[in-house]
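Single-structure report; data block below.
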Amino acid sequence: MTSRTAATRYAKALLDVASQEAPQGGIEQVAVELDAFLALVREHPALERVLTNPAVPAPRKRAAVVELTRLAGLTPIVSKLLVLLAERDRLVLLPDLASIYRDLLMERQNVVRAEVTTATPLAEDRVHAIERGLAGVTGKRVSMSARVDEGIVGGVVARVGSTVYDASIATQLKKIRERLTT
């Protein structure tokens, strides 16, 4: 089993448990706590090396994680998961697990991520208009991030999941050039 597959199984189980046991808003809190713990580990490279090194015995990793979760004040659901991962020497799955959990959470909440690229920064009203348009196309709420790439000359390129909506001037010019040369 690949590590991504294992992380998916843990993430699905975590979402199920959090949905049943956590109070209202608890499933979002789990995502926040996973991200916070992951950030803490990444901020301290020595800690990250210890927790992910297969040469370090699992009982030592478990003891470290128990203490870290206690100090961080994490909810019991997240604490139990992290201790379980430490006991099974699977803390290396944590980055994928957190990412997959966020994706599953967004799917459950009927939200889709969109990355929009424009040639110039977008005004706030334009951002909202694009979000509404993408929501109409996808039938879901849209969580949008915007970036600037002057290479597209003008227009918009939107990536929603694996679908790309390309309304850039650069692409339109390329299509015109291809029609004229063939």
Original post:
Among (1) within 26 Å of residue 5 (Cβ to Cβ); (2) loosely packed, with under 14 Cβ neighbours inside 10 Å, where does residue 38 come up short?
Top reply: (2)
Original post:
Within region 88-110, which residues are surrounded by 16 or more Cβ atoms within 10 Å (Cβ to Cβ), under 22 Å from the mean Cα position of the chain (by Cα) and not in a helix (DSSP H, G or I)?
Top reply: 90
Original post:
List pairs: first in region 7-21 and closer than 18 Å to residue 83 by Cβ, second aromatic (Phe, Trp, Tyr) and at pLDDT 90 or above, Cβ under 7 Å, 6+ apart or cross-chain?
Top reply: 11/101; 14/101
**OP:** Kindly indicate whether any position in region 158-168 is without any contact (Cβ under 8 Å) to a residue 60 or more places away in the chain, of a type outside the set (Val, Ile, Thr), outside the structural domain of residue 52 (by TED's automatic domain parsing) and part of a helix (DSSP H, G or I).
**Re:** no
Original post:
In region 91-123, what count of residues is obtained for those that are farther than 14 Å from residue 30 by Cα and of a type in the set (Ser, Thr, Tyr)?
Top reply: 3
**OP:** Out of the residues in region 120-155 that are in contact with a Lys or Arg (Cβ under 9 Å, 6 or more places away or on another chain) and assigned to a strand (DSSP E or B), state the one that is farthest from residue 110 (Cα to Cα).
**Re:** 145
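Listed residues 147, 113; which is touching an Asp or Glu at 6+ places or on another chain (Cβ under 9 Å) and over 30 Å from residue 9 (Cα atoms)? Quick ask: steps written out before the conclusion?
Values: 113 fails: over 30 Å from residue 9 (Cα atoms).
Answer to the selection: 147.
The values are calculated or read from the model by the stated rules, or taken from the named source; none is laboratory data. Keep in mind that this is a model prediction, so the values were computed, not measured. Neighbour counts run over all protein chains shown; Cβ positions are idealised from the backbone, glycine included.
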